[in-house]
Structure formats: structure tokens, C-alpha cells
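The values are calculated or read from the model by the stated rules, or taken from the named source; none is laboratory data. Source: prediction; values computed, not measured. No Cβ is skipped: glycine too gets one built from the backbone with ideal geometry, and neighbour counts run over all protein chains shown.
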Amino acid sequence: MLILLFYIGNVMYTIKCDKVREIAPVVTLKEIPHTPDFFAGYFNYRGIIVPVIDLCRLIQGYPCQMRLSTRIILVDYKEKDGSSRILGLMAERVTETVRKNKDAFIMPGIRSEGAPYLGGIVMEQKKMIQYIDLDKLPACVNFLPEKGIEP
């Protein structure tokens, strides 16, 4: 499977590329008051309003550094009713993809109740890379807009 590598602080993470729609440069985001700290804001992606989660803030408690390689990873996720939505994930040093067998991911044996979206670990050039499960992530961030909400 093809995976995308990126950093959150000094730690390398990965997601499967099958749900990645596009990797976009960081743009000006519309901030919304009274949302969780990890919610970076919304932006207009080809006529669609997309919420963006700052993965650095979500996982490590501080915002992503604005580097030339900081990006918004646009991913597709499924609503409870099965409809598809787009979510933006801001991360640092989004630079490469690699191929790994599904069997290469090893569960560390410890589960975090606060971060059930963290999956197995894979090795790449002597570095441990934590997998983020995009099927579990949206359910963990309960501020995402519901489908069909009218202004």
C-alpha cells in the first residue's frame, strides 16, 4: 500500500494514500470561535467549505510550524449515513510517499483511550512511524459539521 509520510513536531507519522484527495499549500483559514484548539479553521476548496484540523495541536498540543513543507492534506471521510465529506489535516514536512506491505505495521501493544485513531507502527530507514487511522479520526473530533445544516 502507498503511504504518505509527514511530521508532527519531530515525530514521523503516516496515513494511507487511498483516502488522500489532494495535498494543498497552507492557505488563510477562517477561524471559528468556541471550537477546540486543534480546529485550525475552514477554507473554500473548489466551492466546498472544508474544516481543517491542526494535527500538531491535536496530537502534541502546539500548532504546526509554518514551513515551506507545511501542507493541508485533503482526505475523504464517510459520514454515519455513508455520504462522503472532505476534511483537511494540517501537518509539517509533508514530503514523500513510500510503499509498505500491510503486514509491516505492528501494533505497539498499548492503546490510548484519548487517541484511538493512532494505529500500528512501521519502520522506515531506522525510524518508527506512527500510523493515523483516517477511519477513526473524524469520530474523535466531534465538532465536524453535520450534513444538511442550513444557515
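Before moving on, here are some points about what is shown:
- Subset of the stretch 101-151 that is modelled with pLDDT of 75 or more and touching a Cys at 6+ places or on another chain (Cβ under 9 Å) - its residue that is nearest to Leu5 (Cα to Cα): Tyr117
- Residue, modelled with the lowest pLDDT, within the stretch 52-90, restricted to residues that are over 13 Å from Ile15 (Cβ atoms) and of a type in the set (Ser, Thr, Tyr): Ser83
- You will find that of Lys102, Lys126, Lys78, the residue that is of a type in the set (D, E, K, R) and on the phi > 0 side of the Ramachandran plot is Lys126 and no other.
- Flag for Pro108 being of a type outside the set (D, E, K, R) and out of contact with any strand residue (DSSP E or B) (no Cβ under 7 Å at 6 or more places or on another chain): no
- Gln130 vs. criteria among the polar types (S, T, N, Q) and over 19 Å from Val20 (Cα atoms): no
- Scope the stretch 23-41; condition surrounded by 14 or more Cβ atoms within 10 Å (Cβ to Cβ), part of a strand (DSSP E or B) and on the phi < 0 side of the Ramachandran plot; matching residues: Ile23, Ala24, Phe39, Ala40
- Here Asp54 passes the criteria (1) within 11 Å of the chain's Cα centre (by Cα); (2) in contact (Cβ under 8 Å) with a residue 40 or more places away in the chain; (3) under 19 Å from Gln130 (Cβ atoms) except the one numbered (2).
- Test: Arg93 is within 16 Å of the chain's Cα centre (by Cα) and modelled with pLDDT of 80 or more: yes
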